[in-house]
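Below you'll find the structure, written out as structure tokens, and then a few comments.
Just so you know, all these numbers are worked out from the coordinates, no wet-lab data involved. Given the structure is predicted, the values throughout are model-derived calculations rather than measurements. Cβ sites come from the backbone with ideal geometry, for glycine too, and all protein chains shown count toward neighbours.
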Amino acid sequence: MSSAVQFVDPRHNLVYTEYVERGVNRSFGSGGSSAVDYSVNEENLAVQPFVCFQNEFLDTIVGANPSLKVLTSSDEVVASTKRGDLAFAHEAGVWFSERREVFFTSNQLSDKGVVIFKYHIDTGSVTRVCPKPDIPAANGACRYKDQLLVCCQGNDSSPSGLVLLDPATEVSTPLINNFMDRPFNSPNDVIVLPLDGSIWFTDPDYGIEQGLKSLSLLPNQVYCLQPDTGDVRVVANELKKPNGICFSPDNHYCYITDTETYLGTGGTDPRCSATIYEYEVVSRHGSYILLNKRVFAFADTGAPDGIKCDVAGNVYAGCSDGIHIWNPAGILVGKILVPGGIANFCFIEPNRLFLLNETRLITATLAGSLF
């Protein structure tokens, strides 16, 4: 058995015999047994970063010998890009297998700017991408045909929307920058529905709260764009901070994260949503709509941000202590602990995760097939 895996019996956590507040982490025991502690720390990253809550996590996802490896850190990237204020690995995470590259975006810098990077898996090089024209406050992204489709949060002089970026030439082309003449808030994440090629994206108002923009003229909503016809419509509007979005491998379900607990000005409010919602994807008059919203999961630490489904329908989400993994029923089966947490990530090979950890790029190698 791999020493990289630590086991937690969830039944020990049902009744507290002692309880100590430790920020967002907890230490508690039951029935006189020793306290269970799976807190985020460097030791766990180096020694036992994989936490098993249910046997299926070990049996079908990580296997007996999973591994976690730091690829590069901000010290190396800062040295090569001359940016001293760079939390360089924050959002997006889009794998181009034919180029052997992952594209990702930095966090906001001291000047409110955001940098797009690409990492070459074989050479280990990190290269700055310079869109022409620029994409202000780039955030989430996905692959759209042979291009990168980027969420542009915009600012008071540049509209928010979705922008296509050619990975070879770095030429950018706006795809959409308004909803019926009303500016978007700050698009956060985007995905393509394979059933018809429609583009689905979330639009919370984090950009307004963080000072990128001064005006909001729309509620926080989720949109669907039909590129071939230009039709754009609201598909969900009852989430407080719609953030990550993905579809199940059979495209029967859509998962959307609500990160209301994360305050745009910093900090968290534990009374607010840190929730993944599941919707049924249903065909209606030649288009697809969302029905039957239900709570899929609530994250115990931070909130689920970026989200993906593997080929078996397990749901992965980046949280403030790493990656949380739920089975298709919404049962937490395991975690991959990463100090500093994970905002977003992607699957880069059938059994490898590429994790964006603000100051580090990390890979997790598992046993099960991701795609």
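Just a few scattered comments:
- Vicinal HN-Hα couplings computed from phi for segment 115-126 (Karplus, 6.51 cos²θ - 1.76 cosθ + 1.60; Hz; Gly/Pro x): 10, 9, 10, 9, 10, 8, 4, 7, 9, x, 8, 10
- Distance between segment 249-328 and segment 160-188 - C-alpha centres, whole angstrom: 23 Å
- Projected label distance in nm at Asp269 and Asp134, using a 7 Å step from Cα toward the beta-carbon: 3.3 nm
- Electrostatic tally near Val295: other residues with Cβ closer than 11 Å to its Cβ, Lys and Arg +1, Asp and Glu -1, net 0.
- Cβ crowding within 10 Å averaged over residues, with 253-260, 66-73, 113-120 ranked highest first: 253-260, 113-120, 66-73
- Residues of type aspartates and glutamates that Lys132 reaches as a straight line, Cα spacing below 16 Å, ignoring anything fewer than 8 places off in the same chain: Asp166, Glu170
- For Ser248, neighbours were defined as the other residues whose beta-carbon sits under 14 Å from its Cβ, and their charges (Lys and Arg +1, Asp and Glu -1) total -2.
- Counted by Cβ distance under 10 Å from Thr261, the other residues give a net charge of 0, where Lys and Arg count +1 and Asp and Glu count -1.
- Structure-based [θ]222 nm, the chain - -39500 (n - 2.57) summed over DSSP H runs of at least 4, per residue, nearest 500: -1000 deg cm²/dmol
- Subtracting the Cα-Cα distance of Ser214 and Val15 from 0.36 nm times their residue separation leaves 67.0 nm of extension gain.
- With contacts taken as Cα pairs under 8 Å at a separation of at least 6 residues, the chain carries a relative contact order of 15 percent.
- Extended-chain gain in nm, criterion 0.36 nm per residue less alpha-carbon gap, Arg100 and Asp231: 43.8 nm
- Sorted largest first, extent of segment 222-266 alpha carbons per principal axis (Å): 39, 25, 16
- Centroid-to-centroid, using Cα positions, segment 49-67 and segment 331-346 are 13 Å apart.
- Projected area, mean over directions - segment 205-319, Cα convex hull, nm²: 8.3 nm²
- Structure remark: mean-square fluctuation, Gaussian network model of the chain, C-alpha springs under 10 Å; the largest value among Lys132, Lys240, Lys335 belongs to Lys132.
- Candidate lysines for bridging to Lys335, where Cα separation is under 22 Å - those fewer than 8 sequence places away on the same chain excluded: Lys69, Lys308
- Nonlocal amide H pairs with Gln221, under 5 Å, H built at 1.01 Å: Asp203
- Structure-derived P(r) over Cα pairs in 10 Å bins from 0, in percent - corresponding label in [x] 5, 25, 35, 25, 9, 2, 0; [y] 5, 21, 26, 26, 18, 5, 0; [z] 4, 18, 24, 23, 17, 8, 4, 2, 1, 0, 0: [x]
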